[in-house]
Amino acid sequence: MRVAFVSLFTVEHGDTPARTRTRRIAHGLADRGHDVTWLCARWWGGGAETFEKAGITYRSLVVDPSPSAFAARLPVVIRRLGPDVVHAVNSPPTPALAATLAGRLRGPPVLVDWWRDHPADSRRRYGLLARDADAVATPSRTTKTRVREHGAAEPAVRVLPESINADLIANAAVDDRFDVVYSRRLDRHANAESFLLGLAELRGRDWNAAVIGDGPERDRVESMARNLRIDDRVTFLGDCPLAERVSIFKGTHVFAQTAAVEVFATGLLWALACGCVGLVEYQADSSAHELVEGRDRGRLVTSPEELADAIAAVGDLERRAVDPAFETSDHGAVLDRYLEAYRSLAPE
């Protein structure tokens with residue numbers, strides 16, 4: 001299958017969860033022998049229009065990443081390229097709208113992968129994009145609801161979640177130093193305060209906890225642990241390579257998810273697949289609750305006090321280093337679902 005990715009920015013312009021997701025899908029397709037072209041702003045040196053990397057042909061439409069200039073050239077490039085399907089990202093919306101215009105002019109069908117709305121972009125443009133796309137993929141039901149609010153038809157929107165590497169989990173060592181773990185970038189949405197306040201409620205119990213992640217809020221979070229007098233039992237590990245995080249998850253009993261904003265709780269997914277019991281503090285702008293609803297090894301809470309009670313309550317659940325229920329979340333399994341979506345739009 002010939003797939004054209006439309007994303008003005010790539011990971012080489014700066015890493016974001018949405019760009020990482022797009023790259024993973026593109027690499028997965030290329031590894032399976034599909035013809036993959038990524039239409040983007042130039043990120044490589046020299047004057048070459050194309051650049052080959054990891055089986056993907058990157059084609060620059062602009063040097064400076066201007067959404068409007070990129071969009072103006074896109075329909076003609078797509079028509080000349082002649083892919084079977086276009087995979088466009090939703091933000092910024094202008095290039096993706098240009099891709100749907102090419103589709104209406106007897107071009108290929110367009111699947112829009114929708115991560116989140118960017119506040120700087122027009123809500124009207126997002127509405128047009130939601131209605132014009134042939135199909136929309138979202139990482140969570142929460143995002144699906146927002147896309148439907150933009151006007152997308154229910155049958156056109158499907159949930160294609162983030163994924164994990166089941167082989168990495170199966171082969172990783174077990175690091176059992178901790179009883180409870182929190183893992184996320186420590187930014188203004190991290191809400192690690194709820195995690196620490198919950199732990200502080202359990203001072204009379206025996207536990208060791210870890211905070212994985214770095215960011216602008218780290219100093220403040222560490223200061224809070226000292227003020228709560230639990231810093232002797234909370235280890236701040238900073239950023240850890242994925243393999244190290246997986247080893248910690250495999251040896252830890254409880255993963256606490258308290259972030260205020262989470263398009264998809266990827267860290268929680270990895271932890272659940274590593275056998276952790278998932279405790280999620282419900283937040284209106286987070287989809288994390290979707291991963292534990294209806295699960296025996298998951299709980300929803302609404303406050304630090306409830307989090308503390310839940311940590312104590314799940315103590316009798318068996319420790320696991322892997323949960324086979326999440327094999328369907330493997331990279332390959334989720335990639336199969338993308339291919340199914342493509343083929344429903346453009347049968348080979």
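Bear in mind that the values in this text are calculations on the coordinates, not laboratory data. A quick note: this is a predicted structure, and the numbers were derived from the prediction, not measured. Reconstructed Cβ throughout: ideal geometry from the backbone, glycine too, with neighbour counts over all protein chains shown.
May I ask you to work out the translational diffusion coefficient for the chain at 25 °C, viscosity 0.890 mPa s, via Stokes-Einstein with Rh from the Kirkwood sum over Cα pairs, reported in whole µm²/s? Could you put the intermediate results ahead of the total?
Details: Rh = 21.4 Å.
Taking Rh from Cα pairs, D becomes 115 µm²/s.
Of the options Ala166, Leu237, Ile212, report the single residue whose Cα projects farthest towards the positive end of the charge dipole of the chain (beta-carbon charges: Lys, Arg +1; Asp, Glu -1).
So the residue furthest toward the plus end is Ala166.
Counting helices only, and only those DSSP H runs with n ≥ 4, report the 222 nm mean residue ellipticity of the chain as the sum of -39,500 (n - 2.57) divided by its residues, in deg cm²/dmol to the nearest 500.
Values: 12 runs with 129 residues, N = 348.
That comes out to -11000 deg cm²/dmol.
Of Val261, Val246, Val322, which is farthest towards the positive pole of the range 166-327's charge dipole, taken about the Cα centre with +1 and -1 on the beta-carbons of Lys, Arg and Asp, Glu respectively?
Farthest towards the positive end: Val246.
Output ³J(HN,Hα) for the range 331-344: one whole-Hz value per residue in order, computed from phi by the Karplus curve 6.51 cos²θ - 1.76 cosθ + 1.60 with θ = phi - 60°, and x for Gly and Pro.
With coefficients 6.51, -1.76 and 1.60, one gets 3, x, 5, 6, 4, 4, 6, 5, 4, 4, 5, 4, 5, 5 Hz.
Whole-Hz Karplus ³J(HN,Hα) for the range 125-142, in order, using 6.51 cos²θ - 1.76 cosθ + 1.60 and θ = phi - 60°, x for Gly and Pro?
Karplus values, whole Hz, x for Gly and Pro: 5, 5, x, 4, 5, 4, 7, 8, 5, 5, 7, 10, 10, 10, x, 8, 5, 4.
Around Asp214, which amide H atoms from residues at least 5 apart in sequence, or from another chain, sit under 5 Å from its own amide H, with H modelled in the peptide plane?
Correct list: Leu186, Asp239.
Could you state, as a whole-number percent, how many of the C-alpha pairs of the range 1-147 are farther apart than 19 Å?
Numbers: 5101 of 10731 pairs.
Above the 19 Å cut-off, the range 1-147 has 48 percent of its Cα pairs.
Quick one: dipole size for the range 166-327, taken about the Cα centre, charges +1 on Lys/Arg Cβ and -1 on Asp/Glu Cβ, in debye to the nearest 20. Mind showing how you got there, number by number?
Working: 18 positive and 29 negative charges, 53 e Å.
Charge dipole, the range 166-327, about its Cα centre: 260 debye, nearest 20.
At a 10 angstrom cut-off on C-beta neighbours, averaged per residue, how do the peptides 124-131, 95-102 rank from highest to lowest? List each step's numbers first, then the result.
Numbers: 124-131: 19.0, 95-102: 24.5.
Per-residue Cβ counts within 10 Å, averaged per peptide and sorted highest first, yield 95-102, 124-131.
For Arg124 and Arg229, what is the calculated FRET efficiency with R₀ set at 56 Å and r taken between the beta-carbons, to the nearest 0.05? Before the final figure, lay out each step's value.
Values: r = 52 Å, r/R0 = 0.92.
For Arg124 and Arg229, the calculated efficiency is 0.60.
Treating only the Cβ atoms of Lys and Arg (+1) and Asp and Glu (-1) as charged, compute the dipole magnitude of the chain about its Cα centre; round to the nearest 20 debye.
Details: 44 positive and 49 negative charges, 289 e Å.
Roughly 1380 debye for the chain.
Taking amide H positions as placed 1.01 Å from N in the peptide plane, with prolines and chain starts having none, which residues 5 or more places from Asp330, or on another chain, fall under 5 Å of its amide H?
Ile164
Sort the range 208-261 into rounded, prolate or oblate with this rule: let a ≥ b ≥ c be the square roots of the eigenvalues of the Cα gyration tensor; rounded if a/c is under 1.5, and if a/c is not under 1.5, prolate when a/b is larger than b/c, oblate otherwise. Present the calculation step by step, with values, prior to reporting the outcome.
Values: a/c = 1.72, a/b = 1.40, b/c = 1.23.
Since a/c reaches 1.5 and a/b is larger than b/c, the shape of the range 208-261 is classed as prolate.
Using θ = phi - 60° and the Karplus curve 6.51 cos²θ - 1.76 cosθ + 1.60, what whole-Hz ³J(HN,Hα) does each residue of the range 34-49 get, with Gly and Pro shown as x?
7, 8, 10, 10, 10, 8, 7, 7, 5, 10, 9, x, x, x, 5, 6
For Ala48 and Thr16 in one chain, what is 0.36 nm times their gap in residues minus the Cα-Cα distance, to one decimal in nm? Please list the in-between numbers first.
Numbers: separation 32, 0.36 × 32 = 11.52 nm, distance 2.56 nm.
9.0 nm is the gain from fully extending Ala48 to Thr16.
Can you list residues whose amide H is under 5 Å from Ile56's amide H, if they're 5+ apart or on another chain and H is modeled 1.01 Å from N?
Those lying under 5 Å, H to H, from Ile56: there are none.
Counting alpha carbon pairs within less than 8 Å and at least 6 residues apart, what relative contact order, in whole percent, applies to the chain?
Numbers: 688 pairs, mean separation 47.3, N = 348.
Rounded, it is 14 percent for the chain.
Set Lys and Arg Cβ to +1 and Asp and Glu Cβ to -1, take the dipole of the chain about its Cα centre, and tell me which of Trp115, Val77, Ser183 lies farthest positive.
Val77
Net charge near Ile164, counting Lys/Arg +1 and Asp/Glu -1 over other residues with Cβ under 13 Å of its Cβ? Working shown, then result.
Values: positive: Arg21, Arg24, Arg245, Lys250; negative: Glu162, Asp167, Asp323, Glu327, Asp330.
In short, -1.
State whether the range 166-327 is rounded, prolate or oblate according to the following rule on the C-alpha gyration tensor (a ≥ b ≥ c being the square roots of its eigenvalues): a/c under 1.5 gives rounded; otherwise a/b larger than b/c gives prolate, and the remaining case gives oblate. Could you put the intermediate results ahead of the total?
Working: a/c = 1.29, a/b = 1.25, b/c = 1.03.
Rounded is the answer for the range 166-327, as its axis ratio a/c remains below 1.5.
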